[in-house]
Amino acid sequence: MSTVREVTYGVLRDLGMTKIFGNPGSSELPFLKDMPPDFQYVLGLHERTAAGMALGYAMARGEAAFVNLHSIASAGNGLSALIDAQLCHAPLVVTTGQQDRRQVMAEPFLVSRAVEVVKPYVKWACEPLRPEDVPAAIARGYHMAMQPPRGPVFISVPMDDWNKPCEPLITRKVTQSVLADPAALDEVVRAIDSSRKLALITGAQIEEDRAGREVVALAERLNADVYAEPIASRWAFPRSHRLYRGGLFPAQKPLADQLAGYDTVVVLGAPVFLYYAYVPGNAIQPGTKLFQITNSPQDASSALAGTSIVGNIAAAAEYIRSRVKPVERAVPARTKPPEPPAEHPMTCSYVFSALNKLLPRDAIISEECPSSKGDLDRYIELDEPGSFYSVRSGILGFAMPAAVGLQLAHPNRRVVCPVGDGSMQYSIQALWSAVQSKAPVIFVVICNGNYSALKGFRDFTKVGKNVPGIDIPGIDAVKIAQGYGMMARAVDRAEDLEPALKCAFASKETCLVSVNVQEGGQKTMGMDQSVNPPNYG
């Protein structure tokens, strides 16, 4: 008879999860020993990094990724990545070790109660009652992780389970798409046909449901103004498209004011709405018809206004497009941002303008530079699907490991990770994993020596200037990267930026470019900007 371990590897193989992202400990060794040759182990030096790489890999592929973490440390060190996965709808099957069943009752060293800890942040968490239930739990977890809205599941496995006898398990197929109610979509069609001015709001779930083509076709049939959801974690509409009007503000009154000129608003694949700064007001102006089409029952139930419809975004957009009347109207030309001047120190707008000129058409951005998010949004234009990923939870440490996972999933596309010098410290170990995995990510570090986004929020909320812990002097990103075995260089002057970036793109290796920029922040948190407001993280 086979063992639990052997049957589990067979299940993982059948489900396409042959890449294991992990950080091992003593309780994981019985599973990892003699790993089959068709499996690959991707080591993270910290649970946050291991799970974060898996998150990027899963989102890029649209398939569940397998994670193996260590005991209770998985719930502590790795919890922020699980929260990211929950809010990004990233399908992860996370397993973690537990002490030997025969002594758990004695409260031994490294006993774990991780299942109880992570339950609020995962779709399902369990420790199987019997060793022979482990493969079935992993298969069940996979199907749950892949059901929309996708997300992480968590399975704790006692270390002595792996060598116990187990019957073979035949994996089965479970369909995933849930279709929206046609009668509810017909109501949206009637509202659109009677609308005088329509806005479409696009969200990350468009990418989750592979609905980009259908949404663009719908927008073009209606000649509708298209906005990105507040604090967009994915870019779900081509940035250079004639109908694109930028992002929405993450606060109630400013957002409602942005949409005040529209009598009908249709939200596709996003919450209604994601807020950060508290500015009281209505979710939408009175008299405006608001519809939300989402793959998430949670987002539907938490919306503050409008009619919510749960279902697959691609199918719903195509249903509406095939039934609405086409709209002809003159569309004003998009205004491009001005060319930033070359100053010393450089502005973030200059950095992203220069980067945009050099990006390959199919480049992928994994971003975590909160104070310069507005400049990135204004100057970076990428139109290919799966081109942009950003932190959805607000927890720092997302972008660097996600960039490594994205690069592993897309070896033929170049991943660029713009990251603040403060943000990078939260998952700095990802640099080592990038080098060891030969993932040629380009890390562009925005160095200003402080938490500029925090300074901006301090000023916006008028809490006063006397706040400690905002300055972070003395960090040398280049030396840190070199210590992990990475090519790295610092850029201080504008005339050196383009040559440094060209060198990075020409290289086939992982590299880091640290750019010194002006100290600053979003002094008004972007509320006075009419297009592409910054992230509020």
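Taken together, the values in this text are just the output of simple stated rules run on the coordinates, not laboratory data. Quick caveat, the model's predicted, so the values are computed rather than measured. Don't worry about glycine lacking a Cβ; one is built from the backbone with ideal geometry, like all the others, and counts go over all protein chains shown.
Which distance in nm do the two modelled labels at Val331 and Glu384 give, with both placed 7 Å along the Cα-to-Cβ direction?
Once both label points are built, they end up 2.3 nm from each other.
Run the simple label-point estimate for Asp263 and Lys357 please: 7 Å along Cα→C-beta, distance reported in nm.
4.6
Just how large is the dipole of the chain about the Cα centre, in debye to the nearest 20, putting +1 at every Lys and Arg Cβ and -1 at every Asp and Glu Cβ?
Its charge dipole is roughly 640 debye.
If I take R0 = 25 Å and measure r between the Cβ atoms of Ser302 and Tyr278 in this structure, what FRET efficiency does the formula 1/(1 + (r/R0)^6) give, to the nearest 0.05?
Plugging the Cβ-Cβ distance into 1/(1 + (r/R0)^6) gives 0.90.
What are the aspartates and glutamates whose alpha-carbon lies under 19 Å from the alpha-carbon of Lys33, with same-chain residues fewer than 8 places away excluded?
By straight Cα distance, Lys33 reaches Glu6, Asp100, Glu132, Asp160, Asp161.
Based on the Kirkwood radius over alpha-carbon pairs, what is the Stokes-Einstein translational diffusion coefficient of region 197-274 at 37 °C with 0.692 mPa s viscosity, in µm²/s?
For these conditions, the coefficient is 266 µm²/s.
Could you check the simple spin-label distance between Lys465 and Arg101, using points 7 Å along Cα→Cβ, in nm with one decimal?
6.5
How big is the chain by Rg and Dmax over its Cα atoms, in Å?
23.8, 74
In whole angstrom, note down how far apart the Cα centers of region 102-140 and region 22-66 are.
Each part reduced to its Cα centre gives a spacing of 18 Å.
Extent of region 348-516 along each principal axis, from alpha carbon coordinates, in Å, largest to smallest?
Per principal axis, max minus min of the Cα coordinates gives 48, 35, 34 Å.
List every DSSP H helix in the chain whose Cα atoms extend 30 Å or more along the helix's own long axis and whose mean Kyte-Doolittle hydropathy is at least 1.6.
The answer is none, since no helix passes both cut-offs.
Ranking request for peptides 244-250, 221-227, 399-405: highest mean number of other beta-carbon atoms within 10 Å first, then the rest in descending order.
Result, highest mean Cβ count within 10 Å first: 399-405, 244-250, 221-227.
Quick one: divide the alpha-carbon radius of gyration of region 4-158 by 2.2 N^0.38 Å and tell me what you get.
Dividing the Cα radius of gyration by 2.2 N^0.38 Å gives 0.93.
Could you size up the charge dipole of region 89-234 around its Cα centre, putting +1 on the beta carbon of Lys and Arg and -1 on that of Asp and Glu, and report it in debye to the nearest 20?
I would put it at about 80 debye.
Identify all aspartates and glutamates with a Cα-Cα distance to Lys508 below 19 Å; exclude those on the same chain that are fewer than 8 residues away in sequence.
The reachable aspartates and glutamates, counting only those whose Cα sits under 19 Å from Lys508, are Asp362, Glu498.
Lys479 to Asp496: extension gain in nm, 0.36 nm per residue of separation minus the Cα-Cα distance?
4.2 nm
List the lysines whose alpha-carbon lies under 21 Å from that of Lys123, not counting same-chain residues fewer than 8 positions away?
Correct list for Lys123: Lys173.
Along the charge dipole of region 4-158, pointing to its positive end and built from +1/-1 on Cβ of Lys, Arg, Asp and Glu, which listed residue (Phe31, Gln86, Gly141) has its Cα farthest out?
Gln86
Which value at 222 nm does the chain reach when only helices count, each DSSP H run of 4 or more adding -39,500 (n - 2.57), with the total divided by all residues and rounded to the nearest 500 deg cm²/dmol?
-9000 deg cm²/dmol
What ranking of Val157, Val310, Val327 emerges when the number of other C-beta atoms within 10 Å of each C-beta is taken as an exposure proxy, fewest first?
Val327, Val310, Val157
Which of Lys19/Lys479; Lys197/Lys325; Lys19/Lys438; Lys197/Lys289; Lys289/Lys325 have a Cα-Cα distance over 20 Å?
Lys19/Lys479
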